[in-house]
């Protein structure tokens with residue numbers, strides 16, 4: 001399995017990758033993207049099995065990334081890992097086709113709960 | 001004071017949000033402790049703004065030593081050189097998460113800005129009023145988390 005982690009913060013990308021391991025998701029290939037535009041290109045060039053994306057990013061934010069992916073015909077499973085977990089944002093994420101929204105700060109348990117239907121199902 | 005009647009997070013709100021960020025990403029061995037207010041030589045600071053139904057600015061100020069420790073803890077790094085970009089990144093993520101938490105407690109919808117990070121103190125607009133200030137200590141060093149909102153027009 002290949003997982004694309006999109007976040008403009010290198011520190012946060014490292015934390016997300018570490019949390020994936022702590023949640024038991026070891027042995028997966030991880031591709032990093034530093035904003036939505038970078039992620040959009042890498043979805044097409046790397047064909048990941050799952051995208052974990054921040055919402056607030058320069059260049060292209062996460063919700064625009066999701067819209068661009070879906071309008072280009074990509075059905076890659078997509079989840080947000082973001083500092084905002086308001087009902088409004090969860091509704092927008094779901095309406096855009098996201099499978100889940102993990103709010104920062106998060107735990108390995110929260111990752112497993114969100115990811116297991118995608119990666120273990 | 002009319003500014004105090006405006007919608008603002010309580011000290012308990014900010015403390016709760018900050019404690020969750022700290023325990024999740026910096027470990028429980030050294031918990032974030034409340035105050036007392038201390039003389040803080042600001043080494044790094046960062047701020048995010050919320051705009052929409054609720055408007056405000058959330059900022060974090062901490063010493064250079066604490067910023068170094070926070071960054072090492074978040075990146076799981078021991079000794080060795082630490083680039084300023086990593087420190088700025090880590091401090092920006094701290095305020096991003098704390099700001100996101102505060103935003104979720106305030107009336108919405110609203111949008112969170114990208115973090116602004118400074119070596120030293122982030123400049124604030126002149127027309128804002130501090131409505132909440134959380135003085136805390138971590139690993140023996142002080143830090144300040146504050147919330148500002150636009151002052152009411154007189």
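The values are calculated or read from the model by the stated rules, or taken from the named source; none is laboratory data. Bear in mind that the values here come from a model prediction, so they are computed numbers and not experimental data. Glycine gets a Cβ as well: all are built from the backbone with ideal geometry, and neighbour counts include every protein chain shown.
Values computed for the structure shown
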item	result
Residue, farthest from the other protein chains (Cβ to nearest Cβ), within the stretch A:45-55, restricted to residues that are within 12 Å of the chain's Cα centre (by Cα) and assigned to a loop (DSSP other than H, G, I, E, B)	A:49
Failed condition for residue A:82, given (1) modelled with pLDDT of 95 or more; (2) within 13 Å of another protein chain (Cβ to nearest Cβ); (3) within 15 Å of residue A:19 (Cβ to Cβ); (4) touching a helix residue (DSSP H, G or I) at 6+ places or on another chain (Cβ under 6 Å)	(4)
Residue list for the stretch A:33-60, restricted to those being out of contact with any strand residue (DSSP E or B) (no Cβ under 9 Å at 6 or more places or on another chain) and under 16 Å from residue A:98 (Cβ atoms)	A:60
Matching residues, the stretch B:1-23, being surrounded by 16 or more Cβ atoms within 10 Å (Cβ to Cβ) and modelled with pLDDT under 90	B:6
Looking only at the stretch B:40-55, and only at residues there that are over 14 Å from the mean Cα position of the chain (by Cα) and within 13 Å of chain A (Cβ to nearest Cβ), the one that is surrounded by the most Cβ atoms within 10 Å (Cβ to Cβ)	B:54
Given (1) more than 13 Å from every other protein chain (Cβ to nearest Cβ); (2) modelled with pLDDT of 90 or more; (3) under 14 Å from residue B:145 (Cα atoms), number of the condition residue B:37 does not satisfy	(2)
Hits in the stretch B:33-76 - residues which are in contact (Cβ under 8 Å) with a residue 24 or more places away in the chain, part of a helix (DSSP H, G or I) and in contact with a helix residue (DSSP H, G or I) (Cβ under 7 Å, 6 or more places away or on another chain)	B:67, B:70, B:74
The stretch B:110-154, subset within 14 Å of chain A (Cβ to nearest Cβ) and either in a loop (DSSP other than H, G, I, E, B) or surrounded by 19 or more Cβ atoms within 10 Å (Cβ to Cβ) (or both), residue modelled with the lowest pLDDT	B:110
Filtered residue count, the stretch A:102-113, keeping only those that are within 12 Å of another protein chain (Cβ to nearest Cβ) and either assigned to a helix (DSSP H, G or I) or touching a strand residue (DSSP E or B) at 6+ places or on another chain (Cβ under 9 Å) (or both)	8
Filter result for the condition that a residue is touching a residue at least 12 places away in the same chain (Cβ under 8 Å), surrounded by fewer than 18 Cβ atoms within 10 Å (Cβ to Cβ), in a loop (DSSP other than H, G, I, E, B) and in contact with a strand residue (DSSP E or B) (Cβ under 6 Å, 6 or more places away or on another chain), over A:76, A:30	A:76
Within the stretch A:1-27, tally of residues that are more than 14 Å from every other protein chain (Cβ to nearest Cβ), in contact (Cβ under 8 Å) with a residue 40 or more places away in the chain and surrounded by fewer than 19 Cβ atoms within 10 Å (Cβ to Cβ)	3
All positions within the stretch A:88-101 that are more than 8 Å from every other protein chain (Cβ to nearest Cβ) and free of Cβ contacts under 8 Å to residues at least 24 places away in the same chain	A:90, A:91, A:94, A:95, A:99, A:100, A:101
Counted residues, the stretch B:82-98 - those being at pLDDT 95 or above, surrounded by fewer than 24 Cβ atoms within 10 Å (Cβ to Cβ) and more than 9 Å from chain A (Cβ to nearest Cβ)	4
Condition check for residue A:58: more than 13 Å from chain B (Cβ to nearest Cβ), assigned to a loop (DSSP other than H, G, I, E, B) and modelled with pLDDT of 95 or more	no
Hits in the stretch A:43-59 (condition: surrounded by 19 or more Cβ atoms within 10 Å (Cβ to Cβ) and without any contact (Cβ under 8 Å) to a residue 60 or more places away in the chain)	A:43, A:48, A:51, A:52, A:53, A:54, A:55, A:56, A:57
